[in-house]
Amino acid sequence: MKSSQDKVGVALSDKVYQKLYRQIVSGKLKSGRRITELQIARSEGVSQAPVREALKRLAEERLVDLVPRSGCYIARLTSEDANYLFEIRKRLESLALQCAFDKFDIQKIEKLREKFKTSLELEQSQMVAQELKLDEQHHSLICESSGSRDLQALTNKLWARIQLFRIREATDFDRARSA
């Protein structure tokens, strides 16, 4: 049985993990940036132990790279890495589409389609940000409609890594417009 101190440690670790995760996938923490346990512990007001656990989880998800005798770095994603991730996502979403075909909520699809249309009328920087958000909703709708929690979990893990690449490329107005 876990002691209350163990539960607090898990809660702190999860809190730190969630915050770092959000900062990484939003692009606040840039690819290649070095971060330290001590720096994060101080900013979060926690000991280094929960930070270490959070960083281990992020490393397992390949969102950070733990380099022995060097430190922890926000993961870099090459174009080749991104191509593999997009290919994997395409295949998983094809499976999700097959599972979801008879289950789609047509009203949700129509609302999303209208949001995409209206986003084309926005100013350039707003349109790119809106496109990223709507694209995420579009892919989530496909996986949710499949009814498979495992498929959703797999695509969510891929999405986090793909986000590293997408944030870097998000300034391309023509790419966002065509998407």
*Identify, from the list ARG22, ARG62, ARG57, ARG91, the residue that is in a helix (DSSP H, G or I), open to solvent by 80 Å² or more (accessible area, probe 1.4 Å), touching a residue at least 40 places away in the same chain (Cβ under 8 Å) and under 30 Å from SER146 (Cα atoms).*
ARG57
*Of all residues in segment 25-39 being under 20 Å from ARG69 (Cα atoms) and touching a residue at least 24 places away in the same chain (Cβ under 8 Å), which is most open to solvent (accessible area, probe 1.4 Å)?*
ARG34
*Could you check ARG42 against (1) surrounded by 13 or more Cβ atoms within 10 Å (Cβ to Cβ); (2) modelled with pLDDT of 90 or more; (3) assigned to a helix (DSSP H, G or I) and say which number it fails?*
(1)
*Can you find a residue in segment 130-150 that is among the hydrophobic types (A, V, I, L, M, F, W, C), in contact with a Phe, Trp or Tyr (Cβ under 6 Å, 6 or more places away or on another chain) and under 21 Å from LYS30 (Cβ atoms)?*
no
*Is segment 95-111 home to any residue that is among the aromatic types (Phe, Trp, Tyr), surrounded by fewer than 16 Cβ atoms within 10 Å (Cβ to Cβ), assigned to a helix (DSSP H, G or I) and touching a helix residue (DSSP H, G or I) at 6+ places or on another chain (Cβ under 8 Å)?*
no
*Give the residues of segment 65-88 that are among the β-branched types (Val, Ile, Thr), assigned to a strand (DSSP E or B) and open to solvent by 50 Å² or more (accessible area, probe 1.4 Å), sorted by residue number.*
VAL67
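The values are calculated or read from the model by the stated rules, or taken from the named source; none is laboratory data. Note that the structure is predicted; figures quoted are calculated from it, not measured. Neighbour counts run over all protein chains shown; Cβ positions are idealised from the backbone, glycine included. To get the accessible areas, we keep the full protein, side chains included, count just its heavy atoms, and leave off ligands, DNA and RNA. Shrake-Rupley method; radii C 1.70, N 1.55, O 1.52, S 1.80 Å.
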